[in-house]
Amino acid sequence: MTSFGWCAGIERADRLHQSGYDYIECPLIALKLESPAESGELIARYKESVLPVNVVNLFFPGDLKITGPDVDRNRLRSILSPRLK
């Protein structure tokens, strides 16, 4: 069975659900994973969404170096930690 989703912020989930979409694709950077205090509340919002968040986009912030001599391993670890379980 084919399902249809839309890329948008979680705040648009209700409207997309009303429009007949099956899921929402949200930007992962919006979860602020580098800040555990903020991310917990935001993750709960994703989990409670009327539309499931089956996929994400925008995995890393634009200013984060993930390759080369300027890679920031500590920031990478803070984003890639297993908080999303």
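The values are calculated or read from the model by the stated rules, or taken from the named source; none is laboratory data. Since this is a predicted model, take the numbers as computed values, not measurements. So basically every Cβ, Gly included, is an ideal-geometry build from the backbone, and we count neighbours across all protein chains shown. Note: areas computed on protein heavy atoms with side chains; ligands, DNA, RNA excluded. Shrake-Rupley method; radii C 1.70, N 1.55, O 1.52, S 1.80 Å.
When the residues of the range 30-65 are filtered to those that are of a type in the set (Gly, Ala, Ser) and under 11 Å from the mean Cα position of the chain (by Cα), the one that is most open to solvent (accessible area, probe 1.4 Å) is Ala30. Within the range 1-25, residues that are open to solvent by 100 Å² or more (accessible area, probe 1.4 Å) sit with their Cβ atoms under 7 Å from residues that are modelled with pLDDT of 95 or more and assigned to a loop (DSSP other than H, G, I, E, B), at 6+ positions apart or across chains, in these pairs: Phe4/Tyr21; Phe4/Asp22; Trp6/Tyr21.
On the stretch given as the range 7-55, residues that are assigned to a loop (DSSP other than H, G, I, E, B), among the β-branched types (Val, Ile, Thr) and in contact with a Lys or Arg (Cβ under 9 Å, 6 or more places away or on another chain) total 1. Checked against (1) touching a Phe, Trp or Tyr at 6+ places or on another chain (Cβ under 8 Å); (2) in a loop (DSSP other than H, G, I, E, B), Phe60 passes all but a single condition, namely (1). Within the range 67-85, restricting attention to residues that are within 14 Å of the chain's Cα centre (by Cα) and open to solvent by less than 50 Å² (accessible area, probe 1.4 Å), the residue that is modelled with the lowest pLDDT is Ser81.
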